[in-house]
Amino acid sequence: MTSEQRRESPYPMVPVAEAQRLITAHIAPLPAEIISSLTADGRVPAEDICATENTPDVAKAMVDGYALRAADGIGERRVLAEVTAGLADDIRVEPGTAVRIMTGAPVPPGADAVVMVEYTTEAAGMLRIKQPVSPGAHIQTVGQDIYEGQQILTRGTVLGAADIGLLATVGRTRIPVYRQPRVAVLATGDEVVEPDAPRRAGSVRDSNRYALLAAIREAGGEGISLGIARDTLEEQRAAIEAGLAQADMLITSGGVSMGTRDLIKPLLAALGTIHFGRVAFKPGKPTLFATVNDPERGTLPVFGLPGFPVSSLVSFEVFVRPALRRLQGDAHPERPKIRVALLDAIRPARDRPEYQRVVIAWQDGRLVARSTGAQSSNRLLSLRGANGLLIVPPRERVYAAGETLEALVTGALRNEP
Ligand code: AMP
Ligand code: MG
């Protein structure tokens, strides 16, 4: 330790909720862009989308059978023709007649009901039906599925497979969606090396940058790798500036603690404004959030995540991911919070809430959480298979199995823990 090294962080410790509020206050959706809607799954529409026509646009048969007039009762009918899906015809069904019709074919004028082929017999061009039909039977009316002017998609709601189908149905092939954020990621550390580089004793392979780039992709962002910067002000400053020049957001890994080579906080304090430099939260207390003003591009958010791999990813999940979702216009950027029963005893931190990694499952009619094992901030295996972060409030006593706590759902729920 050098004599100039600080013994206490100058940054006050803010509660998680306050940190999240500070982030949200500085994040606004990116501008919209027009894209092909047919492959827009995962994107977020920037406006409500309404149908400009009826579906179906003409009345159609919903079964294979005969189109006829209900008022003719069960009397015999002369079969005039056959209509199939996709083939238009100008036949008119007069009293005492019917046409053979296939599912999806337009119901000819004059007909007001369709009878299923199963309830009919046809011989020598004459149709008999076994029971009377009511008007409208098995006919899909104009606009029954989607009516002209009906809102089919809501701004801010992430598009899924059904939404792509709806857009295709109404012929809406281009839509405005929020732009996806470009996120630059910088690893720092004299000991940090590329995963495929030859390593010296004590060096650490850069897992954070690659894990963060994957987490960014999962969150709908486009990652930009800035490589690894040595622990010098010049190298880190140059990398941060290069990142900000090409991205909508910058994330750094490491260099935010109290060591003499932890340079990210002083650098960002010089380049912009640090909104918080410590969070009352485990793992990831030294996480920082700053904004840097770019004369052309406005306010750019910067997250300084801790170097320990678990701290890095958990801080990403709790602070960065919601911000990335907000940038994309997602109206529901937060992970769902649920209450779960503990399957194991959980040891809390004494001074701050801890976000412990768990597997959440449905068991015996309730949601349960199983710990992923040792929770130290360097043990990346504690995140493997986890689909939840258990929010463990600080207290002296352990939480016993059977107690319930809140948890963030970060992945698909399972059927057994
Ligand atoms: P730091 O926050 O820079 O003091 O780093 C804390 C710990 O995390 C140290 O043990 C580092 O070696 C480790 N670490 C830092 N950066 C990375 C990285 N990119 N990948 C994996 N581990 C890292
Ligand atoms: Mg470091």
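No value in this document is a laboratory result; all are computed from the given coordinates. Only a predicted model underlies this, so the values are computations on that prediction, with no experimental measurement involved. Methodologically, a virtual Cβ is constructed for each residue, glycine included, from the backbone with ideal geometry; neighbour enumeration extends over all protein chains shown.
Packing order of peptides 306-316, 386-396, highest average first: 306-316, 386-396 (average count of other Cβ atoms within 10 Å over each peptide's residues).
Helix-only arithmetic for the chain: the sum of -39500 (n - 2.57) across DSSP H runs with n ≥ 4, divided by the residue total, places the mean residue ellipticity at 222 nm at -4500 deg cm²/dmol.
The phi-based Karplus calculation (6.51 cos²θ - 1.76 cosθ + 1.60; θ = phi - 60°) puts the 3J(HN,Hα) values of region 303-314 at 10, x, 9, x, x, 4, x, 6, 4, 4, 6, 5 Hz, whole numbers, x for Gly and Pro. Structural descriptor for region 300-417: relative contact order 32 percent, calculated from alpha carbon pairs under 8 angstrom and at least 6 residues apart. Quick one: go through region 297-319 and flag any residue whose amide nitrogen is under 14 Å from the point 7 Å out along the Cα-to-Cβ line of TYR11. Output list for this probe position: 302-308, 312, 315-316, 319.
A quarter of the convex hull surface defined by the alpha-carbon atoms of region 1-153 gives 18.2 nm² as the mean projection. Diffusion of the chain by Stokes-Einstein, at 37 °C in a medium of 0.692 mPa s and with Rh set to the Kirkwood radius over alpha-carbon pairs, works out to 127 µm²/s.
With contacts taken as Cα pairs under 8 Å at a separation of at least 6 residues, region 158-288 carries a relative contact order of 26 percent. Basic side chains Lys and Arg get +1 at the Cβ, acidic Asp and Glu get -1 at the Cβ, and with that the dipole of the chain about its Cα centre reaches some 1640 debye. Residue-normalised convex hull volume from the C-alpha trace of region 67-170: 123 Å³ per residue. Cross-link partners for LYS265 among the lysines, with Cα-Cα distance under 28 Å and sequence neighbours closer than 8 places in the same chain left out: LYS282, LYS285.
Sorting 363-370, 111-118, 323-330, 255-262 by their mean Cβ neighbour count within 10 Å, with the most densely packed peptide first, gives 323-330, 111-118, 255-262, 363-370.
Put simply, when 244-252, 331-339 are sorted by average Cβ atoms within 10 angstrom per residue, most first, you get 244-252, 331-339. The H on the amide N of VAL192, modeled in the peptide plane, is under 5 Å from the matching H of VAL204, each at least 5 residues off or on a different chain.
Out of the DSSP beta bridges found with both residues in the chain, what percent are antiparallel (nearest 5)? The answer is about 65 percent antiparallel. Taking the C-alpha atoms only, the angle from helix 207-218 to the longest principal axis of the chain is near 30 degrees.
Pairs of Cα atoms under 8 Å, at least six residues apart: use those to get the relative contact order of the chain, whole percent. Relative contact order here is 16 percent. Taking every DSSP bridge with both residues inside region 229-328, close to 70 percent are antiparallel.
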